[in-house]
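To keep things clear, I will list the structure first and then write my remarks on it.
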Amino acid sequence: MHNKTIAELSAGLKAGEFTSVELTQSYLNRIDSLDEQLNSFITVTPELALEQAKQADAQRATGHVGILNGIPLAQKDIFCTKGVKTSCGSKMLEPFISPYDATTITKFNDSGAIMLGKTNMDEFAMGSSNETSWYGPVKNPWQLDSVPGGSSGGSAAVVAARLAPAATGTDTGGSIRQPASFCGITGLKPTYGRVSRYGMIAFASSLDQAGPMTRTAEDAALMLNVMAGLDSRDSTSVDEAVPDYTADLNNSLSGLKIGLPKEYFSEGLDDAVAKVIESAVKEYEKMGASVKEISLPTSNLAVPTYYIIAPSECSSNLSRIDGVRYGYRCEDPKDLNDLYIRSRGEGFGAEVKRRILVGTYALSEGFYDAYYVKAQKTRRLISNDFNQAFADVDVIMGPAAPSTAFKLGELSDDPITMYLSDIYTIAVNLAGLPGMSIPAGFANGMPVGLQLIGQHFAESKLLNIAHQFQQETDWHTQTPDAFK
Ligand code: GLN
């Protein structure tokens, strides 16, 4: 059962081949026996899952239900879940039981989906390897001594190891696409504003976006159908009609114009990864697409711009976690200042502290114009580059990451190289565009993701482009040996 996609499992439930309770139990058994090696869950919720599954079966018996009814999913631990620990990978929120559900969680609950548990992640979604989690690193199911990517590394590992048919992730600078690439799964970061951020613990509010992490593009479409839409509780969610994302999956790609940014194929890209991307692009040419070299001249500004804007926003967002209102509080504080200082000093990990310091500095009165305002200006230039490129092409393709998964510990003392692992994904968040990573082959024995970047709200088109590739190739069906 565990090798089936959401679409296949949903058909099985509909045909009465198994019940949601049976399906849910079989995934819980897999998590129980296999997750010890991976550490991909922070919390597993078996009682809740089986209760939800019972209800889903009962609902099905009464008549018409949606496609996700009875389907087990894993939720990244960044989403608030009522009555369930919501830690965001941090010691700071270890004691936090959320009193409410994030909109994304409410929507999945309303659709009849089952929550198996909450997945491990980099602390407050800051990282590219899952090594900043207070709950310990997640292992890559393809090679247990390697990282799964981050920050949605737990979700990526869960899907790759078939511990759930699909999971949610969030992407501020690449955290859906880079782990999807490292673990050989399909990941979609929607347009900024497409999915509500209400109840999703904020890292960098102008960049954060939630999206599906699945085996196939078809499953990503089914998940996005539930997740997308305006939410009166998130003023940055956009009032744009939500199409049926499965409707265009089978459109022909004949005449599709693909742009390959020359900056994405230069120094720093692993040769073996480049070869995989080139052969994936050839596959598209066979399907009738044409390819053109394009330029995104400000590509080299994306990482430095991001590392001013994201820390600035996070320093502000995390100020609410002060040891008073919720989360960790130090023992025996002498006075209020001591309570703030020690609670935050003991509760936050090194990477989070580094970002709070950088952000506070960049926003300080003397440096605001020199750093923060300057970064906002370069952000505009980066966005303009994409607009210009899309005048000539329908989709931009390239690698999702410059390398395959690196070894655990390999980059933990080298934050700059770690930051560069998002070099191809970060600009997409700065411009608010949708992006995907889809399995495109293997290099050095590890999966490689092809990145697809589209115009604002072009999710249907990206899913169509991804789905057609998955009709012609079988990279997305490969499973790590230990988890077959
Ligand atoms: N790796 C990037 C960072 O550390 C992006 C993280 C993310 O997308 N949440 O900030």
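What follows is calculated from the coordinates using simple rules that are stated; it is not laboratory data. Predicted, not measured: the structure shown is a model, and the values here were computed from it. Glycine also receives a Cβ, built like all others from the backbone with ideal geometry; neighbour counts cover every protein chain displayed.
Restricting everything to alpha-carbon atoms, can you work out Rg to Rh for the range 39-93 with a Kirkwood hydrodynamic radius?
Taking Rg over the Kirkwood Rh, I get 1.07.
Suppose every Lys and Arg Cβ carries +1 and every Asp and Glu Cβ carries -1, with no other charges. What dipole size does the chain come out with about its Cα centre, to the nearest 20 debye?
440
Provide the percentage of antiparallel DSSP beta bridges, counting only those with both residues in the chain; round to the nearest 5.
Antiparallel bridges make up about 70 percent of those DSSP assigns within the chain.
Report the per residue volume, in Å³, of the convex hull enclosing the C-alpha atoms of the chain.
Once divided by residue count, the hull of the chain is 137 Å³.
Taking the alpha-carbon set of the range 288-426, what are its Rg and Dmax in Å?
Just the Cα atoms of the range 288-426 yield Rg and Dmax of 19.8, 70 Å.
So, with +1 on the Cβ of K and R and -1 on the Cβ of D and E, and no other charges, what is the size of the charge dipole of the range 18-151 about its Cα centre, to the nearest 20 debye?
Computed charge dipole of the range 18-151: roughly 280 debye.
From the phi angles alone, apply the Karplus equation (6.51, -1.76, 1.60; θ = phi - 60°) to the range 140-145 and give each ³J(HN,Hα) in whole Hz, x where the residue is Gly or Pro.
Result, ordered by residue: 7, x, 7, 7, 5, 8 Hz.
Stretch GLN37-ASN109 to full length: gain in nm at 0.36 nm per residue minus the Cα-Cα span?
23.0 nm
List the residues, sorted by chain then number, that are 5 or more residues from GLY398 or on another chain and whose placed amide H is less than 5 Å from its amide H.
Placed amide hydrogens put GLN451 under 5 Å from GLY398.
So for the range 90-178, taking the charge dipole from beta-carbon charges (+1 Lys/Arg, -1 Asp/Glu), which of GLN178, TYR100, ALA157 sits furthest toward the positive end?
The one lying farthest along the dipole's positive direction is ALA157.
Give the whole-number value, in cubic angstrom per residue, of the convex hull volume spanned by the C-alpha atoms of the range 240-337.
Measuring per residue, one finds 252 Å³ for the Cα hull of the range 240-337.
Can you give the helix-only mean residue ellipticity at 222 nm for the chain, where every DSSP H stretch with n ≥ 4 adds -39500 (n - 2.57) and the sum goes over all residues, rounded to the nearest 500 deg cm²/dmol?
So the helix-based figure for the chain works out to -11500 deg cm²/dmol.
Pairs of alpha-carbon atoms within less than 8 angstrom and 6+ residues apart define the contacts here; what relative contact order does the range 187-274 have, in percent?
The normalised contact order for the range 187-274 reaches 26 percent.
Considering all projection directions equally, how large on average is the shadow of the alpha-carbon convex hull of the range 115-243, in square nanometres?
Average projection, Cα convex hull of the range 115-243: 7.3 nm².
With a cap of 15 neighbouring Cβ atoms within 10 Å, and only residues DSSP puts in a loop, list the GluC sites (Glu not before Pro) found in the range 206-286.
GLU240, GLU267
Taking Rh as the Kirkwood radius, which is the inverse of the mean 1/r over Cα pairs, what is the Rg/Rh value for the range 170-290?
1.01
Determine the gain in length on full extension of the stretch SER26-ASP481; use 0.36 nm per residue of separation and subtract their C-alpha separation, reporting nm with one decimal.
Once the chain is fully extended between SER26 and ASP481, it gains 161.9 nm.
Given bins 5 angstrom wide, list per bin the percent of all Cα-Cα distances in the range 350-484, short to long.
For the range 350-484, the pair-distance distribution reads 2, 8, 13, 16, 16, 15, 13, 9, 5, 2, 1, 0.
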